[in-house]
1. Give the residues of the stretch B:156-174 that are over 23 Å from the mean Cα position of the chain (by Cα) and closer than 21 Å to residue B:101 by Cβ, sorted by residue number.
2. In the stretch B:273-282, is there at least one residue being farther than 26 Å from residue B:43 by Cβ and surrounded by 12 or more Cβ atoms within 10 Å (Cβ to Cβ)?
3. Tell me, please, whether a residue that is buried (at least 19 other Cβ atoms within 10 Å of the Cβ), within 10 Å of chain A (Cβ to nearest Cβ), at negative phi and within 14 Å of the chain's Cα centre (by Cα) can be found in the stretch B:109-130.
4. For residue B:148, are the conditions met, namely being in contact with a helix residue (DSSP H, G or I) (Cβ under 7 Å, 6 or more places away or on another chain), more than 18 Å from residue A:58 (Cβ to Cβ), surrounded by fewer than 18 Cβ atoms within 10 Å (Cβ to Cβ) and more than 14 Å from chain A (Cβ to nearest Cβ)?
5. Take the residues in the stretch B:131-145 that are part of a loop (DSSP other than H, G, I, E, B) and within 17 Å of the chain's Cα centre (by Cα), then tell me which one is farthest from the other protein chains (Cβ to nearest Cβ).
6. Give me the residue from the stretch A:36-64 that is over 16 Å from the mean Cα position of the chain (by Cα) and part of a helix (DSSP H, G or I) and, out of that set, farthest from the other protein chains (Cβ to nearest Cβ).
7. Just a yes or no: is a residue in the stretch A:26-35 within 15 Å of residue B:137 (Cα to Cα), out of contact with any helix residue (DSSP H, G or I) (no Cβ under 9 Å at 6 or more places or on another chain) and within 14 Å of another protein chain (Cβ to nearest Cβ)?
């Protein structure tokens with residue numbers, strides 16, 4: 001199952017050239033670009049681990065791509081995403097976030113239905129345990 | 001990545017190239033002219049810069065014509081005494097490279113050892129990489145590069161910075177251009193102990209010292225920029241000043257001249273203010289008198305004499 005999180009995730013995976021262009025777009029807007037990775041891509045897991053510090057004051061996407069290559073070398077078996085943080089007044093928030101790396105074996109989730117007090121229903125997203133998962 | 005995405009597809013349609021138009025489109029005619037006008041002397045440097053610009057221009061046209069072209073190695077080293085214009089030329093060089101599309105953004109990041117080398121284990125690599133990332137798409141100007149290498153301390157972190165630099169200089173040649181600058185002799189010994197650097201740098205440019213008449217022209221140019229001019233007698237006095245100053249210690253070419261000009265302005269202002277009852281006209285305000293020049297301690301034996309008696 002293809003994980004769909006962030007921008008572009010319903011499209012085919014971005015090529016490196018396309019990632020470069022997206023990053024360049026972020027930099028042109030003056031956003032700080034950040035690389036994050038995780039082995040727990042649960043939709044409720046907002047806080048992924050940071051690959052180094054967010055990159056401020058960059059002019060060219062090549063710098064980000066250099067870090068991304070390094071991150072992929074170390075954590076190629078995890079999900080990696082790139083986010084662009086807009087610090088300008090009124091935004092002060094992440095403006096874009098997209099996946100740039102998927103593990104060979106994607107994580108899968110089940111929606112578990114649970115009946116609670118009365119006939120209310122609760123739904124929980126549960127990671128499916130895959131026997132030959134890489135992690 | 002160069003600015004010519006469709007190198008092969010346009011090859012057939014374009015068989016003739018208007019060199020003048022190409023050069024103007026890239027903005028190098030202007031930049032070179034500016035270089036010629038604003039920088040006095042430096043003949044060998046200008047020649048070399050022009051050669052590099054020509055090579056880059058031809059390389060760009062060759063690409064469009066579909067001829068074989070290897071992206072040229074553009075890393076440079078500028079050697080020369082203090083105040084010979086290394087930084088100024090580096091800034092111009094970035095403009096030329098940007099105009100020709102050999103660097104994408106054209107910013108110049110000017111750093112010294114402190115910006116690259118960390119203070120403790122594990123501090124250097126992130127620091128160096130951070131600077132490299134900022135310089136991507138532009139020019140990284142490393143001033144006094146020989147400080148990176150400390151031969152007396154083999155555990156010095158400078159070596160780590162050098163290794164990262166070399167790696168990026170080799171692998172990401174099209175992403176950034178590194179310019180090393182420093183004083184001649186020390187750079188020579190720096191290259192001797194880091195042969196990797198020497199071989200990765202294509203252009204070694206030596207900046208000669210300025211001649212006395214060139215220094216005078218520089219001084220006049222600086223004064224003009226600030227809206228002053230020498231009186232005839234002051235000009236003569238300044239010629240004398242240059243002659244004396246050059247023989248004294250800590251002479252650093254154009255930088256010494258700039259400092260001298262600033263001090264002369266100070267003395268001129270002081271001279272004008274000392275007589276409060278006087279009516280000033282524009283000529284008074286912009287003219288440097290010989291007295292302003294001659295009051296310099298250079299004429300009384302130089303900085304050393306003054307500092308000897310506190």
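The values are calculated or read from the model by the stated rules, or taken from the named source; none is laboratory data. Small disclaimer: the values here were computed from a predicted structure and weren't measured. Glycine gets a Cβ as well: all are built from the backbone with ideal geometry, and neighbour counts include every protein chain shown.
1. Answer for the stretch B:156-174, where residues must be over 23 Å from the mean Cα position of the chain (by Cα) and closer than 21 Å to residue B:101 by Cβ: B:171, B:172.
2. No, the stretch B:273-282 contains no residue that is farther than 26 Å from residue B:43 by Cβ and surrounded by 12 or more Cβ atoms within 10 Å (Cβ to Cβ).
3. yes
4. Taking the combined requirement at face value, the residue does not satisfy it.
5. Within the stretch B:131-145, the match that is farthest from the other protein chains (Cβ to nearest Cβ) is B:144.
6. The selected residue is A:61.
7. yes
One line per residue, one yes/no per condition, for (1) in contact with a helix residue (DSSP H, G or I) (Cβ under 9 Å, 6 or more places away or on another chain); (2) in a loop (DSSP other than H, G, I, E, B); (3) touching a residue at least 40 places away in the same chain (Cβ under 8 Å):
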| residue | (1), (2), (3) |
| --- | --- |
| B:29 | yes, no, no |
| B:36 | yes, no, no |
| B:41 | yes, yes, yes |
| B:44 | no, no, yes |
| B:83 | yes, yes, yes |
| B:94 | no, no, yes |
